[in-house]
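Read the structure below first, then the notes.
Rule-based calculations on the coordinates, nothing more; no lab input. Remember, it's a predicted structure, so these values are computed and weren't measured experimentally. Note: ideal-geometry Cβ built from the backbone for every residue, glycine included; neighbour counts use all protein chains shown.
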Amino acid sequence: MRSRISTLLFLCLLMTGIVEGQSAFKFDAKRVSVGTVYHYVKTNVDGTKPENISLYVATVDRIESFKFHEKGSRAGLVIADMDWTIFSAKKLESWQVSSGDERKLFATLTYRAAEKAVEVSIPQMRPTSEFAKIEQLPFHLYNFDLASLNLSFPHLAVPRGNFTVGIADPTFNADGPMFAYRGELAVRYEKTEIRNGGKCRRYAASGTGIGGKGTIWVDEKKGYIRDMEFDVANNPDWSTFKLRLIRTEKKSEREWKRFIAAQF
C-alpha cells in the first residue's frame, strides 16, 4: 500500500510539473544526437562582444565545446564526460588551443560522488587541487554556457514542467577558493512560441545559482537550446549573457578535428 501511495504521489508531481532534481529527467539514448554540431554565437544581450561556440556531441556521453574567433591565435576547448545517472558532467577538461595540433591542458574538474563534491585542478593558479561541495543534483556550470543542461533538455520527463538544478562555477578570484557551488537555478515553463527560426518552449530561469534572471528557448521537437538570455554574465569579460543558435550540422570525429584546425 505504501509503495502504491508513493507511486501515485510521484505521478501527481509529474502531472503538476514540480518534480525537481534528477527525477525531472529520464534518459533516452535515442534523444542524444551523436555527431551533431550546434553552432552558436555568444554575446552580451545587446549583441556586442561576439564569440563563436560550437558544441559537438562526440558520443552518447561526451560533448566538446570549442570557443573561438575566426583566424584567431588562441581558442578554448572544453571536453565533458556526462553521467546520465545524475544528468551532469562527471569530468571536464579545459584546453587552451593554439592550432589544430597544439593544445595545453589548463584545468580539470571531476565529480566525486562519494564526497558529493567536485575536485578542481588549475595548476597555473594553485599547485594542488581543491574540493567544492555540490549541494544540488543535477548541477551545471554557467561558465560552460550551461552546455550539460543543453544536452539534458531532451530528457525532461515533463517537457512543459518546472525543475531545479544546481549551479557551480569558477570564482575568478585570485584569493580564496578557485571554484564554488553558487546555488540553485529554478527553471519554469512559460509557453510555446516561435523564436530564432523555430517553434520553442520558453522557460524563465532565476535563482541564487546565477544571481539574476534569464529566459531559455528550447526547440520544441528536438530539445536543444535555440536562444538563451541572462542579465548576468558567465564570464568577467562580458556584462550579460546571450547564446543564439546559428545552425546545426553533422560531422564525423575526423571532420570535427578538421573544423577546429581550420579556425587558425
Item to check | Centre separation in Å (Cα based) which lies between region 215-230 and region 100-124 | outcome: 28
Checklist outcome for this item: Surpassing 30 Å at the alpha-carbon level, of the pairs K116/K199; K133/K222; K26/K199; K42/K91, are K116/K199; K133/K222
Checklist outcome for this item: region 242-259 and region 146-168 have their Cα centres apart by a whole-number Å value of 22
Item to check | Cα gyration tensor, region 152-264 - rounded (a/c under 1.5), prolate or oblate | outcome: oblate
Next on the checklist: Only four residue types carry charge here, +1 at the Cβ of Lys and Arg and -1 at the Cβ of Asp and Glu. Report the dipole size of region 208-264 about the Cα centre in Debye, rounded to the nearest 20.
Outcome noted: 340
Next on the checklist: Checking the a/c ratio against 1.5 first, then a/b against b/c, what shape does the Cα gyration tensor give for region 34-261?
Outcome noted: rounded
Item to check | Integer Hz, Karplus 6.51/-1.76/1.60 couplings in order for region 131-142, x for Gly and Pro | outcome: 10, 9, 5, 10, 8, 9, 10, x, 10, 9, 9, 5
Next on the checklist: Could you give each residue of region 32-40 its phi-based ³J(HN,Hα) in whole Hz, using Karplus coefficients 6.51, -1.76, 1.60 with θ = phi - 60°, and x for Gly or Pro?
Outcome noted: 9, 7, 4, x, 8, 10, 9, 8, 10
Checklist entry - To the nearest 500 deg cm²/dmol, what mean residue ellipticity at 222 nm is calculated for the chain from DSSP H runs of n ≥ 4 alone, each contributing -39,500 (n - 2.57), summed and divided by the residues? => result -3500 deg cm²/dmol
Item to check | Electrostatic dipole magnitude of region 34-261 [Cβ: Lys, Arg +1; Asp, Glu -1; Cα centre; debye, to 20] | outcome: 640
Item to check | Overall form of region 204-264 per C-alpha gyration tensor (a/c, 1.5; a/b vs b/c) | outcome: oblate
